[in-house]
């Protein structure tokens, strides 16, 4: 297990370094002029040059990349100030190192992702189990249709519709917003409720479908048949035997979904005006805040890579048949 | 599992989908439906000069005002600069009024909304001698910084001398240039500012005692009282000035001080106990705290203020406008309208014609006739966001002539296409190729649609060029740019044509990143600018500037005026004392209180 | 058909018969066809309907839009006998035409990305599976790397880069280039799933007797891939690409929703959602038609994908 984790972690580091390199070099093909963003209304060429020099934009790009990578590990000094490790660069727009901003935005994204994940996992798997348990009945059919429909919905449509109905129209839900859970858990909950529900509506479809088909498949497997033949009750068979076999693939999908959600659900955050990491990325594109974008890109990739490893490890724990190769 | 079973499920799914459609179909349609809304009428007030008596504190009590409470301030853009020397954009201009005091300042009357220029740190708006070449200011008694140390003339001198240092790149330059030379040459008078122990000679900036500051100019400067109202002419304690570091920890002289600044996120102001209301004719200290948070798009702040729930009842915004998409919702809401204001801002939106490319005056005239001002303004929010402009200088400017509209923009909101077509034909330039550049934000993209349609109807061939929003002004600011037509907006720094006409239309200012985006360099206009700059009497100069701006438009057509900006904004029902700060075009926070 | 087949019906005919019996599948196929027809025949529809996607009717005829708010004067988004789906707030264009041409743009982009991704997926998947060894290892790592990219973020961040690579800063970004850039960005991160799937399939097929036999008889690798492998990969390729298309169309719409996709004045499906989100408080009707069309479109594709799978491989349990 340990060997597996070490090996995968090293692989992950290599992948992240590659991603950072690709991202860094591609971004500096952008015809952006970050110095101008640090200048003001009466900006003249002299001040522009001054700022340019101050921020080290005149060095060759490979040198800039080298400095960037060193900064992540050791921190670095900019003429405008010191940037502590992990230093993911300095945002000219915010006049601040990138890392604190991402750290600041992350709780929003985390709340959104975890809350939604709890809802869609519980509801999705629950519905799938009911459908498998009652397979062939009208309940099964209804749930199958619902999940098919759910899968076909888009946040940018359903999200806006829900805002129009439940927030502006009926006023039964609060305008989505992030309030720190540490300050006021009730407001945190009510502020995130609508985004959670909308995300869940879309995501849970996959889980109920998967749970159902896995369970149905498992019920035909030999070990389950044997259990039944031994005279165990249907309920015991269902929950003790069939269920265990169905968990592994669900965990896989869950890990991937959670990883990508933590990397920033841009459209969701944009629709509900939540200021998370995804929103930060979109805003950075608009403001051509390249250092910020680099940072978000790396953090998001890291989230995906880390969750892939976690899932693989979990997979092995759940399903001993999988070799940690 | 037969095909038939799954087929039924699918049929069911399709039925469900259809059901969902019916559900959405039930939603009520939009549109204001009944009455057509009418355009609001409003007047700009202009600014009068206050006497020494007007300059003495305390400020008149606001009826019904109470002490205490926290006000939340919802702002779209994050503040970049707290250092008063670096402040120039509207958001920050209005924000600094709560902690930063300057030699003179604007006093907005609570009832009439009229603005008066009065002494702030100084006892009056300044006394001139030597034919306007020398200006003397005396500091009031009892002025203190937030740490309790008294404010002296040395602190004022330091606030000015530090502007000569290289890192001070963003603030206004009027006073420095008048004292020490045009362009960037003034910096040579004091390289690196006062940090090495050097000072400007007494023949330029003199502080004979702790209370007196004397400016010596080489020519008459009538507008000094306004120039020293800019945020960078205040008081900065030399001992606390850590150059760039001062940007995050400015020392307050006003009724509030910075408690907590999180760049990109927000800032909190709390009471400054050492501020003495008896010295201040402008500001109050009603609320305990201002909690400013950034990142509230107009849509977000409008929704919160409109809903008026919970903590948002005690929320306001200093310059977020009502989102264009929600204007009709707000207009229908009588309760919300009672806590709103719509006022003219000092900005004028224009489209510049690149005169170094479009040299033919007839072609420029055709462009001016064809430009669809009304349709363009509609994309930015219609009459609540601005008023169709006929002149290059706005209604807040002294001497503005409301009837001046040479291209009949009010009569033809979609542009006078016929006239433009004729002119283009006369010039023999049918099919003339125009490169229209615009920033890649939503209203500008929508506006590009109507601009292209109108110009093409008038016989131009239009090529659109979308520019990055972040670098838009750099790109159109290059003298050798390859665009013909681009929008820009300019605001008078104080309500005089001298802060509009020379920077925007003087041939001296044709260089990169200059506000003279049309590259106009006309000998007659240049000569006129120099003549009017010498007029000592502000009341005489004002109409001359307006007339010159009109001449620029009719004789040279370097720009087409599009609309005069307006601010339509809301505040929470738990807040009182809200008024409009006309010179800055934002909501004045100085008299705000919690009900 | 392969020579020497004794049964009267070819597998393809069998499949077709099975598919035709699946009513929902047939309906879904018709709906999908309808969308393609709309996209293809947009100019004809415009001609019959008498409106186009560019004219700002609301601005040219002031009685249609409220002068202050810019919303349609008539209720329900200005739906009437003349404007069947209403008019767009502020710019006053015809919603039906916007939608029809928007579908055309988005489907074109989605289709192009699907074709490119499918071809790439086949080439790389088959190469990795068939050649094995170092090639397989290298391609596998490449797929891993690309799968680790945050997809949505990549789309958003690299759109401006890709456009900047092709357009000199002095020139207008032509619409076709913007579209090309979108296709490229979608394609770049769209082919890995299919490739990975096919690699697995090829790996298992490679060991089967009929491939072995072909190899023994001296068939060239190219012939083996073409004649023996590809026909056996038809099901996953068809099913995957059927699911890929709506994925790309919605991704493209998402990009335009975020403001980094197709720009004015080219009509675009996704941009209609961005506008809808802007206008929903005053005119929710505007959102209705593009939204419903999108749901129907995606549902139909998902149903069609399922039906195709069932028809081609009746053993699959659902």
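For the structure I just gave you, tell me whether residue A:152 is without any contact (Cβ under 8 Å) to a residue 24 or more places away in the chain and out of contact with any helix residue (DSSP H, G or I) (no Cβ under 6 Å at 6 or more places or on another chain). Considered against the rule, which asks whether it is without any contact (Cβ under 8 Å) to a residue 24 or more places away in the chain and out of contact with any helix residue (DSSP H, G or I) (no Cβ under 6 Å at 6 or more places or on another chain), residue A:152 comes out as no.
Listed here are the residues, each with its yes/no results for (1) surrounded by fewer than 21 Cβ atoms within 10 Å (Cβ to Cβ); (2) touching a helix residue (DSSP H, G or I) at 6+ places or on another chain (Cβ under 7 Å); (3) within 11 Å of another protein chain (Cβ to nearest Cβ).
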{"site": "B:402", "(1), (2), (3)": "yes, no, no"}
{"site": "B:409", "(1), (2), (3)": "no, yes, no"}
{"site": "B:418", "(1), (2), (3)": "yes, no, no"}
{"site": "B:424", "(1), (2), (3)": "no, yes, no"}
{"site": "B:443", "(1), (2), (3)": "yes, yes, yes"}
{"site": "B:448", "(1), (2), (3)": "no, no, yes"}
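Annotation: residue B:203 fulfils all but one of (1) in a loop (DSSP other than H, G, I, E, B); (2) surrounded by 16 or more Cβ atoms within 10 Å (Cβ to Cβ); the unmet one is (2).
Being within 14 Å of chain C (Cβ to nearest Cβ), assigned to a helix (DSSP H, G or I) and touching a residue at least 60 places away in the same chain (Cβ under 8 Å): is that true of residue B:336 here? In short, yes.
Of the residues contained in the range B:384-393, none is found to be more than 22 Å from residue B:543 (Cβ to Cβ), crowded, with 20+ Cβ neighbours inside 10 Å, away from chain C (no Cβ under 14 Å) and within 23 Å of the chain's Cα centre (by Cα). Being without any contact (Cβ under 8 Å) to a residue 60 or more places away in the chain and either under 27 Å from residue B:587 (Cβ atoms) or within 14 Å of another protein chain (Cβ to nearest Cβ) (or both) holds for only one residue in B:179, B:173, and it is B:173.
Yes/no per residue for (1) buried (at least 23 other Cβ atoms within 10 Å of the Cβ); (2) within 13 Å of chain A (Cβ to nearest Cβ):
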position	(1), (2)
B:464	no, no
B:471	no, yes
B:486	yes, no
B:489	no, yes
B:493	yes, yes
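Looking at the range B:480-515, which of its residues are closer than 18 Å to residue B:346 by Cα and part of a loop (DSSP other than H, G, I, E, B)? Correct list: B:492, B:493, B:494, B:495, B:496, B:500, B:515.
Exactly one residue among C:283, C:306 is outside any helix (DSSP H, G or I), in contact (Cβ under 8 Å) with a residue 12 or more places away in the chain and within 8 Å of chain B (Cβ to nearest Cβ), and that residue is C:283.
Out of all the residues in the range C:114-128, is one or more modelled with pLDDT under 90, within 12 Å of chain A (Cβ to nearest Cβ) and in a helix (DSSP H, G or I)? No, because not a single residue in the range C:114-128 is modelled with pLDDT under 90, within 12 Å of chain A (Cβ to nearest Cβ) and in a helix (DSSP H, G or I). Checking every residue in the range B:268-287 against the condition of being under 18 Å from residue B:79 (Cα atoms) and part of a helix (DSSP H, G or I) gives zero matches. Of the residues making up the range C:26-71, those that are more than 14 Å from chain B (Cβ to nearest Cβ), assigned to a loop (DSSP other than H, G, I, E, B) and touching a helix residue (DSSP H, G or I) at 6+ places or on another chain (Cβ under 9 Å) are C:41, C:51.
Does at least one position in the range C:263-278 carry a residue that is more than 24 Å from the chain's Cα centre (by Cα) and either buried (at least 24 other Cβ atoms within 10 Å of the Cβ) or in the same structural domain as residue C:99 (by TED's automatic domain parsing) (or both)? Yes, there is a match, as at least one residue in the range C:263-278 is more than 24 Å from the chain's Cα centre (by Cα) and either buried (at least 24 other Cβ atoms within 10 Å of the Cβ) or in the same structural domain as residue C:99 (by TED's automatic domain parsing) (or both). Whenever a residue of the range A:218-229 is surrounded by 13 or more Cβ atoms within 10 Å (Cβ to Cβ), its partners that are modelled with pLDDT of 75 or more, lying with C-beta atoms within less than 8 angstrom and at least six residues away or across chains, give the pairs A:219/A:132; A:224/A:218.
Among residues of the range A:156-187 being outside any loop (DSSP other than H, G, I, E, B) and away from chain C (no Cβ under 14 Å), the one that is nearest to residue A:275 (Cα to Cα) is A:187. Surrounded by fewer than 24 Cβ atoms within 10 Å (Cβ to Cβ), in contact with a helix residue (DSSP H, G or I) (Cβ under 6 Å, 6 or more places away or on another chain) and in contact (Cβ under 8 Å) with a residue 24 or more places away in the chain, is that true of residue C:116? Yes.
Across the range C:72-100, the number of residues qualifying as in a loop (DSSP other than H, G, I, E, B), farther than 18 Å from residue C:273 by Cβ and at the interface with chain B (Cβ under 10 Å from one of its Cβ atoms) comes to 4. Kindly check whether there is at least one residue in the range B:293-302 that is at the interface with chain A (Cβ under 9 Å from one of its Cβ atoms) and not in a loop (DSSP other than H, G, I, E, B). Scanning the range B:293-302, I find at least one residue that is at the interface with chain A (Cβ under 9 Å from one of its Cβ atoms) and not in a loop (DSSP other than H, G, I, E, B), so the answer is yes.
Looking across the range C:202-258, just one residue is within 30 Å of residue C:290 (Cα to Cα) and out of contact with any helix residue (DSSP H, G or I) (no Cβ under 7 Å at 6 or more places or on another chain), and that is C:247. The sole residue among A:295, A:264 that is under 20 Å from the mean Cα position of the chain (by Cα), at pLDDT below 70 and not assigned by TED's automatic domain parsing to the domain that holds residue A:15 is A:264. Exactly one residue among C:53, C:29 is modelled with pLDDT of 80 or more and in contact with a strand residue (DSSP E or B) (Cβ under 8 Å, 6 or more places away or on another chain), and that residue is C:53. Taking residue C:161 as the residue in question, decide whether it is part of a helix (DSSP H, G or I), modelled with pLDDT of 85 or more and within 11 Å of chain A (Cβ to nearest Cβ). It is false that residue C:161 is part of a helix (DSSP H, G or I), modelled with pLDDT of 85 or more and within 11 Å of chain A (Cβ to nearest Cβ). Among the candidates B:118, B:71, the residue that is under 30 Å from residue B:385 (Cβ atoms), in contact with a strand residue (DSSP E or B) (Cβ under 8 Å, 6 or more places away or on another chain) and at pLDDT 90 or above is uniquely B:71.
One line per residue, one yes/no per condition, for (1) under 24 Å from the mean Cα position of the chain (by Cα); (2) surrounded by fewer than 17 Cβ atoms within 10 Å (Cβ to Cβ); (3) without any contact (Cβ under 8 Å) to a residue 60 or more places away in the chain:
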{"residue": "A:84", "(1), (2), (3)": "no, yes, yes"}
{"residue": "A:102", "(1), (2), (3)": "yes, no, no"}
{"residue": "A:109", "(1), (2), (3)": "yes, no, no"}
{"residue": "A:113", "(1), (2), (3)": "yes, no, no"}
{"residue": "A:125", "(1), (2), (3)": "yes, no, no"}
{"residue": "A:129", "(1), (2), (3)": "no, no, no"}
{"residue": "A:134", "(1), (2), (3)": "no, yes, yes"}
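Do the conditions hold for residue C:312, that is, is it crowded, with 23+ Cβ neighbours inside 10 Å, touching a helix residue (DSSP H, G or I) at 6+ places or on another chain (Cβ under 9 Å) and either more than 7 Å from every other protein chain (Cβ to nearest Cβ) or at pLDDT 90 or above (or both)? It is false that residue C:312 is crowded, with 23+ Cβ neighbours inside 10 Å, touching a helix residue (DSSP H, G or I) at 6+ places or on another chain (Cβ under 9 Å) and either more than 7 Å from every other protein chain (Cβ to nearest Cβ) or at pLDDT 90 or above (or both). Among the residues of the range B:243-253, none qualifies, meaning not one is touching a strand residue (DSSP E or B) at 6+ places or on another chain (Cβ under 9 Å) and at positive phi.
The values are calculated or read from the model by the stated rules, or taken from the named source; none is laboratory data. What you see is a predicted model, and the numbers here were worked out from it, not measured in a lab. We place every Cβ from the backbone using ideal geometry, glycine too, and count neighbours over all the protein chains shown.
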